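The values are calculated or read from the model by the stated rules, or taken from the named source; none is laboratory data. What you see is a predicted model; the values in this text were computed from it and never measured. No Cβ is skipped: glycine too gets one built from the backbone with ideal geometry, and neighbour counts run over all protein chains shown. These accessible areas exclude ligands, DNA and RNA; they are computed on the full protein's heavy atoms, side chains included. Shrake-Rupley method; radii C 1.70, N 1.55, O 1.52, S 1.80 Å.
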Amino acid sequence: QVQLVESGGGLVQAGGSLRLSCVTTGSRFRFKTMGWYRQAPGKQRELVARITFGGGTNYADSVKGRFTISRDNAKNTVYLQMTSLKPDDTAVYYCNEYPTYSYSSWGQGTQVTVST
């Protein structure tokens with residue numbers, strides 16, 4: 001059963017912007033703190049940003065001031081607005097609950113590629 005569907009990725013030039021969306025299905029994630037994660041080739045998956053049900057946010061230092069996480073609880077959707085993109089932001093982006101567990105399921109992710 002698919003519960004996380006990410007979209008909005010693409011190819012963008014350095015300095016550009018993208019807005020990612022993550023639609024969750026089912027009630028599992030409704031009141032959870034949600035996070036956006038990314039995995040670059042050859043690297044481990046890392047947390048980029050997280051948001052509580054009430055809207056409290058936290059960001060990785062590498063994206064602070066450039067990325068904004070938000071959520072629409074009525075639509076079961078989490079967003080990631082990315083601006084001033086850099087080639088180092090190139091990765092597959094995933095959303096999931098925060099924290100994740102060994103039994104957490106992942107969606108297919110959405111590819112973000114930033115060219116120089």
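Which of the numbered conditions does ASN73 fail, given that it passes all the others? Conditions: (1) out of contact with any strand residue (DSSP E or B) (no Cβ under 8 Å at 6 or more places or on another chain); (2) free of Cβ contacts under 8 Å to residues at least 24 places away in the same chain; (3) of a type outside the set (A, V, I, L, M); (4) open to solvent by less than 50 Å² (accessible area, probe 1.4 Å).
Result: ASN73 passes all but (2).
When the range 6-24 is examined, which residues are found to be surrounded by fewer than 16 Cβ atoms within 10 Å (Cβ to Cβ) and either in a strand (DSSP E or B) or among the polar types (S, T, N, Q) (or both)?
Scanning the range 6-24 gives SER7, GLY10, LEU11, GLN13, SER17, ARG19.
Taking the criterion of being touching a Leu at 6+ places or on another chain (Cβ under 9 Å) and open to solvent by 50 Å² or more (accessible area, probe 1.4 Å), would at least one residue in the range 28-47 satisfy it? Show your work before the answer.
Just the residues of the range 28-47 that are touching a Leu at 6+ places or on another chain (Cβ under 9 Å), to begin with: 29, 35-38.
With the extra rule that they be open to solvent by 50 Å² or more (accessible area, probe 1.4 Å), the set shrinks to none.
Looking through the range 28-47, none of the residues is touching a Leu at 6+ places or on another chain (Cβ under 9 Å) and open to solvent by 50 Å² or more (accessible area, probe 1.4 Å).
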